[in-house]
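Peer 1: My questions will all concern the structure given below.
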Amino acid sequence: MAKYNFFEQVNKNFDRAAAYTRFDKGILEQIKMCNTVYHISFPLRRDDGSVEVIEGWRVEHSHHKLPTKGGIRFSHKVDEDETMALAALMSYKCALVDVPFGGAKGGVKISRRNYSESELERITRRYTFELIKKEFIGPGIDVPAPDYGTGAQEMGWIVDTYRQIKDDLNSIACVTGKPLAQGGIRGRTEATGRGVYFGIREAVNHKADMDALGLPIGIEGKTFCVQGLGNVGYHASKNLTGDGAILVGVSELEGAIYDPKGMDLEELIAFRKETGSIIGFGTSQELEKNIDIFEQQCDIMIPAALESQITGENADRVKAKIIAEAANGPTTADAHDILKERGALIIPDTYLNAGGVIVSYFEWLKDIQHVRYGRMNKRFDQNSLLKIVRELESISGKKYDEEAIAKLTHGAGEADLVDSGLEETMITAYEQMIEIRNNYELRDLRTAAFINAIDKIGTMYEQMGIFP
Ligand code: GLU
């Protein structure tokens with residue numbers, strides 16, 4: 001299989017879009033480059049007493065806004081090129097969805113399955129310590145979050161390590177995706193998958209685009225395949241099936257399955273928990289190779305794992321009409337061209353998986369404001385709504401039961417407000433992409449997304465001027 005240089009792939013997309021913008025070569029180069037690249041290696045004492053060297057990176061791609069923001073990945077595939085590419089994607093993603101951060105990314109080159117919980121804790125804490133030492137973490141500097149192979153537990157260790165060394169008023173805002181008790185926010189775990197759902201919903205409700213694909217509008221009845229049933233893939237699938245989409249194919253580490261009749265997501269999850277594998281579930285057929293998932297018949301293909309999955313080698317066999325990029329960089333630039341040529345609709349990663357960083361932004365705001373969303377107004381709204389309901393009852397002579405009253409007078413709490421903010425941001429960003437696509441008479445949303453991001457970042461550079 002051809003080896004794709006990931007950062008080069010991102011820059012190919014950048015260059016295509018840059019040609020439509022007004023910025024001169026120097027500004028475009030400055031936007032494209034990674035501003036700082038930090039390579040770390042440190043020793044880990046393993047549970048058996050032996051010592052192993054662990055390698056990690058933190059890349060801050062763009063400081064046009066601070067803090068910089070982006071997850072930390074635990075994967076044996078992590079390297080400098082990957083971390084740089086992912087950091088760059090974070091800058092474009094944040095700009096596109098109007099989240100006021102520069103882009104960054106971190107990675108530790110380990111496969112988490114090979115380490116015990118206490119080893120993972122030592123790795124995470126030491127990695128954090130190395131970031132603190134070089135000022136690569138802080139509420140106003142650089143704020144990590146979960147990514148592939150990490151979750152709330154690791155973020156809890158990060159904030160705790162940070163506070164041991166640098167505790168102050170805003171220190172809990174040094175990382176997002178934390179457990180609730182450590183300053184986390186409701187809805188962060190589900191956020192990326194939920195955002196993927198909102199993004200797909202926008203796309204399939206666009207009548208002209210669906211007409212061009214020969215598909216009816218709406219999610220209901222559409223078939224989809226997902227690569228990766230991790231946090232993002234699972235929550236995206238859950239929301240889609242909740243609206244009547246049909247899950248027909250799944251690819252996971254142990255293999256891939258396909259069932260044109262559709263599969264029940266929760267039953268599949270329970271089956272995998274019990275047997276340790278998705279293979280043999282219900283009436284599904286096992287596919288020869290994991291990567292074969294991309295060649296299966298379905299309306300929406302959702303890569304929700306790692307980069308460079310749809311490439312020049314398999315793109316001409318991808319049958320799905322909609323490619324929904326829940327992962328970062330799943331489609332290489334040559335594959336993008338092949339899919340575009342045959343008229344597929346690609347919902348690009350920088351837009352579609354932005355839900356994670358959007359809700360991270362809400363978490364960071366909550367932490368520096370030191371007040372939970374809804375705390376000031378929930379009760380007030382509820383009481384006002386109750387007064388209206390009582391007024392309606394007296395005018396109409398009708399009496400509402402307890403359940404109806406609870407529904408009608410529900411005041412928005414943290415979970416409601418986070419979800420509403422996420423939905424609003426995903427809808428607005430989609431509208432911006434469509435507008436640019438129409439204005440420039442483009443045929444794809446990825447170029448529109450990049451033009452939007454470059455325009456916002458470039459304008460900031462123009463307005464800031466260049467420090468001598
Ligand atoms: N790792 C996620 C991403 O790739 C979230 C980053 C964040 O919340 O800062 O967008």
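Peer 1: I'd like the full set of residues that are farther than 20 Å from Ala145 by Cα and in a helix (DSSP H, G or I), limited to segment 339-383.
Peer 2: Answer for segment 339-383, where residues must be farther than 20 Å from Ala145 by Cα and in a helix (DSSP H, G or I): Leu339, Lys340, Glu341, Lys378, Arg379, Phe380, Asp381, Gln382, Asn383.
Peer 1: Same structure again: Looking only at residues in segment 169-194 that are small (Gly, Ala, Ser) and touching a residue at least 40 places away in the same chain (Cβ under 8 Å), which one is farthest from the ligand (Cβ to nearest atom)?
Peer 2: Going through the qualifying residues, I end up with Gly183.
Peer 1: Just to be sure, is Arg163 within 22 Å of Ile54 (Cα to Cα) and either of a type in the set (Ser, Thr, Tyr) or surrounded by fewer than 24 Cβ atoms within 10 Å (Cβ to Cβ) (or both)?
Peer 2: So Arg163 does not fit the description; no.
Peer 1: So, restricting to helices (runs of 4 or more DSSP H) that lie completely within segment 195-300, which ones have at least 3 residues that are free of Cβ contacts under 8 Å to residues at least 12 places away in the same chain, open to solvent by 60 Å² or more (accessible area, probe 1.4 Å) and within 21 Å of Lys321 (Cβ to Cβ)?
Peer 2: Of the helices (runs of 4 or more DSSP H) lying wholly inside segment 195-300, those with at least 3 residues that are free of Cβ contacts under 8 Å to residues at least 12 places away in the same chain, open to solvent by 60 Å² or more (accessible area, probe 1.4 Å) and within 21 Å of Lys321 (Cβ to Cβ) span 207-213.
Peer 1: Considering every residue within segment 163-171, establish whether at least one is at pLDDT 95 or above, among the aliphatic types (A, V, I, L, M) and touching an Asp or Glu at 6+ places or on another chain (Cβ under 9 Å).
Peer 2: Within segment 163-171, not a single residue is at pLDDT 95 or above, among the aliphatic types (A, V, I, L, M) and touching an Asp or Glu at 6+ places or on another chain (Cβ under 9 Å).
Peer 1: Then there is this: If a residue has to be exposed (fewer than 15 other Cβ atoms within 10 Å of the Cβ) and over 22 Å from the mean Cα position of the chain (by Cα) to count, how many in segment 171-193 make the cut?
Peer 2: 1
Peer 1: Look at segment 114-144 and say how many of its residues are within 16 Å of the ligand (Cβ to nearest atom) and touching an Asp or Glu at 6+ places or on another chain (Cβ under 7 Å).
Peer 2: 4
Peer 1: Could you list, in sequence order, the residues of segment 311-330 that are away from the ligand (no atom under 16 Å from the Cβ) and within 14 Å of Val10 (Cα to Cα)?
Peer 2: Residue satisfying the conditions is Thr311 alone.
Peer 1: Looking at segment 102-113, can you tell me whether even one residue there is out of contact with any strand residue (DSSP E or B) (no Cβ under 9 Å at 6 or more places or on another chain) and open to solvent by less than 70 Å² (accessible area, probe 1.4 Å)?
Peer 2: no
Peer 1: I would also like to ask the following. Return the only residue of Ala333, Ala354 being among the aliphatic types (A, V, I, L, M), within 16 Å of the ligand (Cβ to nearest atom) and closer than 30 Å to Ser111 by Cβ.
Peer 2: Ala354
To keep it simple, each residue is scored yes or no on (1) at pLDDT below 95; (2) open to solvent by less than 60 Å² (accessible area, probe 1.4 Å); (3) within 24 Å of Phe294 (Cα to Cα).
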{"residue": "Asp337", "(1), (2), (3)": "no, no, yes"}
{"residue": "Ala344", "(1), (2), (3)": "no, yes, yes"}
{"residue": "Ile347", "(1), (2), (3)": "no, yes, yes"}
{"residue": "Thr350", "(1), (2), (3)": "no, yes, yes"}
{"residue": "Ala354", "(1), (2), (3)": "no, yes, yes"}
{"residue": "Val357", "(1), (2), (3)": "no, yes, no"}
{"residue": "Trp364", "(1), (2), (3)": "no, yes, no"}
{"residue": "Gly374", "(1), (2), (3)": "no, yes, no"}
{"residue": "Ile388", "(1), (2), (3)": "no, no, no"}
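Peer 1: Restricting attention to segment 42-49, does a residue exist that is under 23 Å from Asn328 (Cβ atoms), open to solvent by less than 50 Å² (accessible area, probe 1.4 Å) and of a type outside the set (Phe, Trp, Tyr)?
Peer 2: Looking through segment 42-49, none of the residues is under 23 Å from Asn328 (Cβ atoms), open to solvent by less than 50 Å² (accessible area, probe 1.4 Å) and of a type outside the set (Phe, Trp, Tyr).
Peer 1: Can I ask one more? List the number of the failed condition for Ile110; all other conditions in (1) closer than 22 Å to Lys133 by Cβ; (2) within 14 Å of the ligand (Cβ to nearest atom) hold.
Peer 2: That leaves (2) as the condition not met.
Peer 1: Report yes if Ala88 is in contact with a Phe, Trp or Tyr (Cβ under 8 Å, 6 or more places away or on another chain), of a type outside the set (Val, Ile, Thr), under 30 Å from Glu325 (Cα atoms) and within 15 Å of the ligand (Cβ to nearest atom), otherwise no.
Peer 2: For Ala88, the condition - in contact with a Phe, Trp or Tyr (Cβ under 8 Å, 6 or more places away or on another chain), of a type outside the set (Val, Ile, Thr), under 30 Å from Glu325 (Cα atoms) and within 15 Å of the ligand (Cβ to nearest atom) - is met.
Peer 1: Please specify each residue of segment 164-203 satisfying the condition of being more than 27 Å from Leu445 (Cβ to Cβ) and among the hydrophobic types (A, V, I, L, M, F, W, C).
Peer 2: The answer is Ile165, Leu169, Ile172, Ala173, Cys174, Val175, Leu180, Ala181, Ile185.
Peer 1: Additional query: Output the number of the condition that Tyr361 fails; it satisfies all remaining conditions of (1) away from the ligand (no atom under 16 Å from the Cβ); (2) touching a residue at least 24 places away in the same chain (Cβ under 8 Å).
Peer 2: Tyr361 satisfies every listed condition except (1).
Peer 1: Here's a follow-up. Given the conditions (1) open to solvent by 90 Å² or more (accessible area, probe 1.4 Å); (2) under 30 Å from Val159 (Cβ atoms); (3) at pLDDT below 95, report the number of the one that Glu424 does not fulfil.
Peer 2: (3)
Peer 1: Where residues in segment 54-100 are hydroxyl-bearing (Ser, Thr, Tyr) and farther than 22 Å from Ala152 by Cα, which of them is surrounded by the most Cβ atoms within 10 Å (Cβ to Cβ)?
Peer 2: Applying the filter and picking the extreme gives Ser91.
Peer 1: Which of the residues that make up segment 400-450 are under 30 Å from Ile323 (Cβ atoms) and either over 25 Å from the mean Cα position of the chain (by Cα) or outside any helix (DSSP H, G or I) (or both)?
Peer 2: Once the filter is applied, which keeps residues that are under 30 Å from Ile323 (Cβ atoms) and either over 25 Å from the mean Cα position of the chain (by Cα) or outside any helix (DSSP H, G or I) (or both), segment 400-450 yields Asn438, Asn439, Tyr440, Glu441, Leu442, Arg443, Asp444.
Peer 1: Spot the failing condition for Glu393; the list is (1) in a loop (DSSP other than H, G, I, E, B); (2) open to solvent by less than 90 Å² (accessible area, probe 1.4 Å); (3) without any contact (Cβ under 8 Å) to a residue 40 or more places away in the chain, and only one is missed.
Peer 2: All conditions are met except number (1).
Peer 1: If you take the residues of segment 145-162 that are within 16 Å of the ligand (Cβ to nearest atom) and aromatic (Phe, Trp, Tyr), which of them is modelled with the lowest pLDDT?
Peer 2: Across segment 145-162, the extreme among qualifying residues is Tyr148.
Peer 1: Let me ask something else. Got a sec? Which strands (runs of 3 or more DSSP E) wholly within segment 1-106 have at least 1 residues that are farther than 30 Å from Ile172 by Cβ and touching a residue at least 12 places away in the same chain (Cβ under 8 Å)?
Peer 2: The qualifying strands (runs of 3 or more DSSP E) are 51-60.
The values are calculated or read from the model by the stated rules, or taken from the named source; none is laboratory data. Not measured: the values here are computed from a predicted model. Reconstructed Cβ throughout: ideal geometry from the backbone, glycine too, with neighbour counts over all protein chains shown. We work out accessible area using only protein heavy atoms, side chains counted, and drop any ligands, DNA or RNA first. Shrake-Rupley method; radii C 1.70, N 1.55, O 1.52, S 1.80 Å.
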